[in-house]
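Below: the structure, in structure tokens.
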Amino acid sequence: MVAKLGSGTRSKLYRTTWLALLALTVVMVLVDSSPIPRGAFLAVLLPAMLVKASLIGANFMHLRSERLPLTVMVIVGLLVTGTLLFVLIAPDAVRIRTMTPYR
Amino acid sequence: MAEAAPQVLERWSGGVCPFEAGWRKVMMWTFIITDGLLFAGFLGGYGYARIMSRQWPDQATVFDLRLIALMTFILISSSATMASAVGAAADAGRSVLRWLLLTALGGLLFLGMQAYEWTHLIEAGARLDGNPWGDPLFASYFFLMTGFHGTHVALGVVLLTTVAVRWAKKLTSHEGVELVGLYWHFVDLVWVFIFTLFYLV
């Protein structure tokens, strides 16, 4: 799948992806050190994290040019399962935090 | 029960690879998915402990974010050099070796900085069963997650060096470089999540 792109196109894609990843990292670090509300902080950081992961997966790992079944296998296997894992246990964590310790 | 679409049946009825990729690549992706779920479990457990905790330390008071940002920069750059190595291998270019060794160098730099960070934290009193900043699980999760990730980076450096030697001796093809590339990008991918969820959030 890598060979489908010309070498010039590939180099440009890798360079652009690298610069985008660096820019997102700088933005994340700046947001972390700025006094913005927690909600806004998470609203910037979490999507930025997912965009970075998508850029790496799509451009560096060439998932964008792989066949759909392979891409679906990776997305469902990793992203969906990982998200479900967290979403299912987070309510329990919140609930335990509010419980009174047993004496 | 509705009948599957003809093209689905044709793809999965046997005799062809449904993913239209070599079996080595499919196996590497399978490994990446299972290893990714390992880290997802760690991060899920960390998230659980973090939400539940009433005294989770402020990361800004524990870590030097400039060091962590530099480590992230190095790993992202090594991912870019790895992609360049894979691209050069597809063209059977001569710069493959240079890109592979640059990637391995990035990995070694990252490991060195990780070791420095660990030393600094251990000297400050962080242990697997406690730390001076708050919830004991803080240091446990730190050492567990960064330790596992660092181990993956170290193994990746070994793999990169091995593939570089094999490429120089013409014992491996473009596919070999691509497979180690997938592994290295996965290592970078995991760091994206650890960097965000453990060091920043």
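Any residue at all in segment B:46-55 that is in contact with a Ser or Thr (Cβ under 9 Å, 6 or more places away or on another chain) and in contact (Cβ under 8 Å) with a residue 40 or more places away in the chain?
yes
Suppose we filter segment B:50-66 for residues that are under 17 Å from B:ILE194 (Cβ atoms) and not in a helix (DSSP H, G or I); how many remain?
Counting residues in segment B:50-66 that are under 17 Å from B:ILE194 (Cβ atoms) and not in a helix (DSSP H, G or I) gives 4.
Do we find a residue being in contact with a Pro (Cβ under 9 Å, 6 or more places away or on another chain) and at positive phi anywhere in segment B:107-126?
Taking every residue of segment B:107-126 in turn, at least one turns out to be in contact with a Pro (Cβ under 9 Å, 6 or more places away or on another chain) and at positive phi.
Take segment B:148-201 and flag every residue that is more than 30 Å from B:GLY47 (Cβ to Cβ) and not in a helix (DSSP H, G or I).
B:LYS169, B:LYS170, B:LEU171, B:THR172, B:SER173
Exactly one condition in (1) assigned to a helix (DSSP H, G or I); (2) in contact with a His (Cβ under 8 Å, 6 or more places away or on another chain); (3) over 29 Å from B:VAL201 (Cα atoms) is false for B:LEU101; which is it?
It is condition (2) that B:LEU101 fails.
So, restricting to helices (runs of 4 or more DSSP H) that lie completely within segment A:3-81, which ones have at least 1 residues that are in contact (Cβ under 8 Å) with a residue 24 or more places away in the chain and either acidic (Asp, Glu) or touching a Leu at 6+ places or on another chain (Cβ under 8 Å) (or both)?
A:7-32, A:38-55
Looking at segment A:8-28, which of its residues are surrounded by 15 or more Cβ atoms within 10 Å (Cβ to Cβ) and within 13 Å of B:SER84 (Cβ to Cβ)?
A:ARG10, A:SER11, A:LEU13, A:TYR14, A:THR17, A:TRP18
Within segment B:87-125, how many residues are exposed (fewer than 15 other Cβ atoms within 10 Å of the Cβ) and farther than 30 Å from B:PRO57 by Cβ?
Number of matching residues: 3.
Taking the stated definitions as given, is B:SER84 within 23 Å of B:ALA115 (Cβ to Cβ), buried (at least 17 other Cβ atoms within 10 Å of the Cβ) and of a type in the set (Gly, Ala, Ser)?
Considered against the rule, which asks whether it is within 23 Å of B:ALA115 (Cβ to Cβ), buried (at least 17 other Cβ atoms within 10 Å of the Cβ) and of a type in the set (Gly, Ala, Ser), B:SER84 comes out as no.
For the subset of segment A:59-103 comprising residues that are over 30 Å from A:ARG10 (Cα atoms) and of a type in the set (Ser, Thr, Tyr), which member is farthest from the other protein chains (Cβ to nearest Cβ)?
Of everything passing the filter in segment A:59-103, A:TYR102 is farthest from the other protein chains (Cβ to nearest Cβ).
Go through (1) at pLDDT 85 or above; (2) touching a helix residue (DSSP H, G or I) at 6+ places or on another chain (Cβ under 8 Å); (3) more than 30 Å from B:GLY87 (Cα to Cα) for A:ALA90 and report which single condition fails.
That leaves (1) as the condition not met.
Taking the options B:ALA83, B:ALA92, B:ALA69, B:ALA115, name whichever one is of a type in the set (Gly, Ala, Ser), closer than 30 Å to B:LEU182 by Cα and not in a helix (DSSP H, G or I).
B:ALA92
The values are calculated or read from the model by the stated rules, or taken from the named source; none is laboratory data. Fair warning: this is a prediction, and the values are worked out from it, not measured in the lab. For neighbour counting, all protein chains shown are included, and Cβ atoms are generated from backbone atoms with ideal geometry for every residue, glycine included.
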